[in-house]
1. Those residues that are surrounded by 13 or more Cβ atoms within 10 Å (Cβ to Cβ) and either part of a loop (DSSP other than H, G, I, E, B) or of a type outside the set (V, I, T) (or both), I need them from region 100-110; list them, please.
2. Would you mind stating whether K79 is surrounded by fewer than 19 Cβ atoms within 10 Å (Cβ to Cβ) and at positive phi?
3. So if I check each of A34, A88, A47, which one is surrounded by 18 or more Cβ atoms within 10 Å (Cβ to Cβ), of a type in the set (G, A, S) and in contact with a Lys or Arg (Cβ under 7 Å, 6 or more places away or on another chain)?
4. If H53 meets every condition in (1) surrounded by 15 or more Cβ atoms within 10 Å (Cβ to Cβ); (2) under 18 Å from L28 (Cβ atoms); (3) not aliphatic (A, V, I, L, M) apart from one, which number is that one?
5. With the checklist (1) out of contact with any Ser or Thr (no Cβ under 7 Å at 6 or more places or on another chain); (2) touching a residue at least 12 places away in the same chain (Cβ under 8 Å) in hand, flag the one item D22 doesn't pass.
6. Within region 144-180, take every residue that is assigned to a helix (DSSP H, G or I), β-branched (V, I, T) and out of contact with any helix residue (DSSP H, G or I) (no Cβ under 6 Å at 6 or more places or on another chain) and give me the one that is surrounded by the most Cβ atoms within 10 Å (Cβ to Cβ).
7. Would you be able to say whether some residue in region 145-165 is hydrophobic (A, V, I, L, M, F, W, C), farther than 19 Å from F126 by Cα and modelled with pLDDT of 95 or more?
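The values are calculated or read from the model by the stated rules, or taken from the named source; none is laboratory data. Being a predicted model, the structure only gives us computed values, none of them experimental. Positions of Cβ are backbone-derived with ideal geometry, glycine not excepted, and every protein chain shown enters the neighbour counts.
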Amino acid sequence: MSKQRRVLIIGGGFSGLCCARDFSDDFLVTVVDAKEFFEYTPGILRAFVHPEHFDALTFTLQPVIERRMGCKYIWGEVKELNGPEKTAKVKPMFSQEAETIDFDYCMICCGCNFNPLHKYGESLWFPVILEEDRKISAWSHIDERFIEGRRRHILEEYHKLNELNKKQATLLVVGAGFIGVEWVTELEHFFPDLKLTIIDFLPRCLGPLPDIAAEYCSEYMNACGIK
């Protein structure tokens, strides 16, 4: 019987967990993620205006990966990949030194960032989890590698919005695509005293979508008082 081959998966998000699940029957799978939890990013906007929603968007990775999928999980950061030698240097969360892991196949499932204006793509929508990122992060006082750290950041931003709402502040949302429209309408629903404006370089909101979607969106925002 041939020896089972080893698969290293970097990232425990959508693609990483999907690959781990599908490969677990035929390979020895190890998943490495720099944070201890999975976050359902498409729903995260709601958490910033309604923090209780955060619990519905997250779960800790270790029980799912190791108990339900039968794979190995390392809470740590991949510092170096060596393709020819098929090795990776991984620094576990509670270790000062990196460890070397051998693999037969490696899949990089680290996702993407939404902020092209920041050196490391930092934004509110993704936890800041890598060591180099955290050094220059605007939120370096909170360790979002922990699920509790992520929760505290969301609460911090929620209280800022709540204070602005009390002051009946004026907010400008730049970009009227999917995220911008969702964000401005979430703000309007949960903080009705805010004065909201959304702008875009296109002549209408939701530019890539059919006319009927853009028209519906514009009518809804006008009815809600969003400029």
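1. So the first thing to find is which residues in region 100-110 are surrounded by 13 or more Cβ atoms within 10 Å (Cβ to Cβ), and the list is 101, 103-110.
Those that are surrounded by 13 or more Cβ atoms within 10 Å (Cβ to Cβ) and either part of a loop (DSSP other than H, G, I, E, B) or of a type outside the set (V, I, T) (or both): F103, D104, Y105, C106, M107, C109, C110.
2. Numbers: surrounded by fewer than 19 Cβ atoms within 10 Å (Cβ to Cβ): yes; at positive phi: no.
Criteria not met by K79.
3. Details: A88 fails: in contact with a Lys or Arg (Cβ under 7 Å, 6 or more places away or on another chain); A47 fails: in contact with a Lys or Arg (Cβ under 7 Å, 6 or more places away or on another chain).
Result: A34 is the single residue among A34, A88, A47 that is surrounded by 18 or more Cβ atoms within 10 Å (Cβ to Cβ), of a type in the set (G, A, S) and in contact with a Lys or Arg (Cβ under 7 Å, 6 or more places away or on another chain).
4. Here H53 meets the rest and fails (2).
5. The single condition D22 does not satisfy is (2).
6. Just the residues of region 144-180 that are assigned to a helix (DSSP H, G or I), to begin with: 147-166, 178-180.
Restricting the remaining residues to those that are β-branched (V, I, T) gives 147, 154, 179.
Checking the rest, the ones that are also out of contact with any helix residue (DSSP H, G or I) (no Cβ under 6 Å at 6 or more places or on another chain) come to 147, 179.
Numbers: I147: 20, I179: 15.
Among those residues, the one meeting the criterion is I147.
7. Residues of region 145-165 that are hydrophobic (A, V, I, L, M, F, W, C), as a first pass: 146-147, 154-155, 161, 164.
So of that shortlist, the ones also farther than 19 Å from F126 by Cα come out as 164.
Right, trim to modelled with pLDDT of 95 or more and you get 164.
Yes, there is a match, as at least one residue in region 145-165 is hydrophobic (A, V, I, L, M, F, W, C), farther than 19 Å from F126 by Cα and modelled with pLDDT of 95 or more.
Let's see how each residue does on (1) part of a strand (DSSP E or B); (2) acidic (D, E):
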site: A20; (1), (2): no, no
site: V32; (1), (2): yes, no
site: F54; (1), (2): no, no
site: G70; (1), (2): no, no
site: E80; (1), (2): yes, yes
